[in-house]
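These notes concern the structure reproduced below.
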Number of protein chains: 2
Amino acid sequence: MTQEIAIQDQIPGNHCFGCGPDNKHGLHIKSYWSGQGQTRCEFRPSDFHNAGPAKYLNGGIIATVIDCHTICTAIADGYLQAGRNIGAGEKVWYATGKLDIKYLAPAAIDIPVFLEAKIVERSPKKTVLQCSLRSDGRLCAEADVVAVRVPGDW
Amino acid sequence: MTQEIAIQDQIPGNHCFGCGPDNKHGLHIKSYWSGQGQTRCEFRPSDFHNAGPAKYLNGGIIATVIDCHTICTAIADGYLQAGRNIGAGEKVWYATGKLDIKYLAPAAIDIPVFLEAKIVERSPKKTVLQCSLRSDGRLCAEADVVAVRVPGDW
């Protein structure tokens, strides 16, 4: 089920370079639920987000969008598991504990990339996710991410 | 031995967001040899490079500077192993194959971070590196990186 409002637009107090709605030079990625424990994101790079070769998307930007997409998925899921809407009641917050990325193929700079994340493990202290990133239908990166629960005032 | 000219300022045709000298909105990191097979880098974040909390450095930016610092180390080492100065003769080029990062502690947004990389394995096809990132003397992230040799026209 697609929700109309992106997860990032419901998370309070998020200044993040990758996904904070108000970050003045940020990437502003938007993530949406696509199924139970699964989310999707489309990101269109700017021309200066390139790798060494100008035609490819930068590996650090790929890491950034994977990081944000998965951590925001963990946050949204944290609210869901607590039976609350995102942003309602006590703040749910996660930080990145581990980010393991395999780069399988280059992604072009001039077309969007598509990310899919799924939650594979969940405990009170952490959420484990897998994430794929595709460009033009080709799998370009796969990641395993550990999102660590931190206090709301982290 | 510290060289006066950064590795990135000697690599030809590098448009990278993280380390390309001419990227208009890039991070412009600079890496220098600090010992045999070892390099160092100091990076001062901009105020918008923050994580969800405005006081911390973004995890994706941390991944980006680790990626660039280690890949540029692999490129510089490739030239060294070939007995050539960086940029001389046939182009030496590496792409990121794997980037595994453990985030151990948050890094403050308003002070520089310091990276140290070392080459731990080297073959014709790939170079394996370890990298640490410190802020205010504290170890904030550790990474294992596989740099894959790609053709000069990659």
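Brief remarks on what is shown
- Ranked from shortest, the separations from the 7 Å Cα-to-Cβ label point of A:ARG138 to its equivalents in the other copies are 4.2 nm.
- Bridge type composition, chain A - antiparallel percent by DSSP, nearest 5: 100 percent
- GNM result for chain B, Cα springs below 10 Å: residue of B:SER135, B:SER31, B:SER46 fluctuating most strongly: B:SER46
- Annotation: for a label point projected 7 angstrom from Cα along Cα→Cβ of A:GLN38, residues of the stretch A:125-154 with backbone N closer than 15 Å are A:130-134.
- Comparing Cα centroids, the stretch A:139-154 and the stretch A:1-55 end up 14 angstrom apart.
- The charge dipole of the stretch A:8-150, taken about its Cα centre with unit charges on the Cβ atoms of Lys, Arg (+1), Asp and Glu (-1) only, comes to about 260 debye.
- Ordering A:LEU133, A:ASN50, A:SER34 by Cα displacement along the dipole of the stretch A:8-150 toward the positive end leaves A:SER34 in first place; charges were set at the Cβ atoms of Lys, Arg (+1) and Asp, Glu (-1).
- Rounded to the nearest 10 Å², the accessible area of A:LEU139 at probe 1.4 Å: 50 Å²
- Farthest toward the positive end of the dipole of the stretch A:52-154, out of A:TRP154, A:GLY59, A:ALA143, is the Cα of A:TRP154, where the dipole comes from beta carbon charges about the Cα centre.
- Averaging the Cα positions of each part gives two centres, and for the stretch A:61-81 and the stretch B:67-117 these lie 27 Å apart.
- Minimum 50 Å² accessible area buried by the other protein chains, the stretch B:14-38 residues, probe 1.4 Å, relative to alone: B:HIS15, B:PHE17
- For the stretch B:71-154, the spread of Cα positions along the three principal axes, ordered from largest to smallest, is 41, 22, 21 Å.
- Pseudo-label separations to other copies for A:PRO151 - Cα-to-Cβ vector, 7 Å, nm: 5.6
- Taking the protein heavy atoms of the stretch B:8-150 in the context of the full set of protein chains, the accessible area attributed to carbon and sulfur is 46 percent at 1.4 Å.
- Cut-off of 10 Å, at most 11 other beta carbons, DSSP loop: longest stretch of chain B lacking such trypsin sites (Lys or Arg not before Pro): B:25-124
- With Cα atoms, 0 to 90° folded angle of helix B:59-81 axis to chain B main axis: 20 degrees
- Chain B - percent relative contact order, Cα under 8 Å, separation 6 or more: 22 percent
- Stretch gain in nm, segment A:LYS125-A:ASP22, where the contour uses 0.36 nm per residue and the Cα spacing is subtracted: 34.2 nm
- Rolling a 1.4 Å probe across all protein chains gives A:ASP136 an accessible area of roughly 130 Å².
- Label geometry 7 Å along the beta-carbon vector: A:GLU42 inter-copy distances in nm: 4.5
- Taking all protein chains into account, the per residue accessible area for chain B stands at 45 Å² (1.4 Å probe).
- Residue among B:GLY59, B:GLY83, B:GLY97 with the largest mean-square fluctuation in a Gaussian network model of chain B, springs linking Cα atoms under 10 Å: B:GLY83
- Amide H contacts of B:LEU104: B:ALA141, B:GLU142, each under 5 Å away and 5 or more positions distant or on a separate chain (H built 1.01 Å from N in the peptide plane; Pro and chain starts excluded).
- 23 Å Cα-Cα reach of A:LYS24 towards lysines, excluding residues that sit fewer than 8 places from it in its own chain: B:LYS24, B:LYS55
- The HN-Hα couplings worked out from phi for the stretch B:115-130 by the Karplus form 6.51 cos²θ - 1.76 cosθ + 1.60 (θ = phi - 60°) are 10, 10, 10, 9, 7, 10, 7, 8, 9, x, 8, 7, 10, 9, 10, 10 Hz, whole numbers, x standing for Gly and Pro.
- Choice from B:SER34, B:SER132, B:SER123 showing the highest fluctuation, given a GNM over chain B with Cα pairs closer than 10 Å: B:SER123
- The contact between chain B and chain A removes approximately 2800 Å² from the accessible area (both sides summed; 1.4 Å probe; ligands, DNA and RNA excluded).
- Relative to the Cα centre, the charge distribution of the protein assembly as shown, modelled as +1 at Lys and Arg Cβ and -1 at Asp and Glu Cβ, gives a dipole magnitude of about 440 debye.
- B:CYS72 accessible area, assembled protein chains, probe 1.4 Å, Å²: 0 Å²
- Per-residue ellipticity at 222 nm computed for the protein assembly as shown from its helices equals -5000 deg cm²/dmol, with DSSP H segments shorter than 4 residues left out and the rest contributing -39,500 (n - 2.57).
The values are calculated or read from the model by the stated rules, or taken from the named source; none is laboratory data. This is a predicted model, so every value here is computed, not measured. As a convention, Cβ positions derive from the backbone with ideal geometry for all residues, glycine included, and neighbour counts pool all protein chains shown. Protein only, heavy atoms only, side chains kept; ligands, DNA and RNA dropped before computing areas. Shrake-Rupley method; radii C 1.70, N 1.55, O 1.52, S 1.80 Å.
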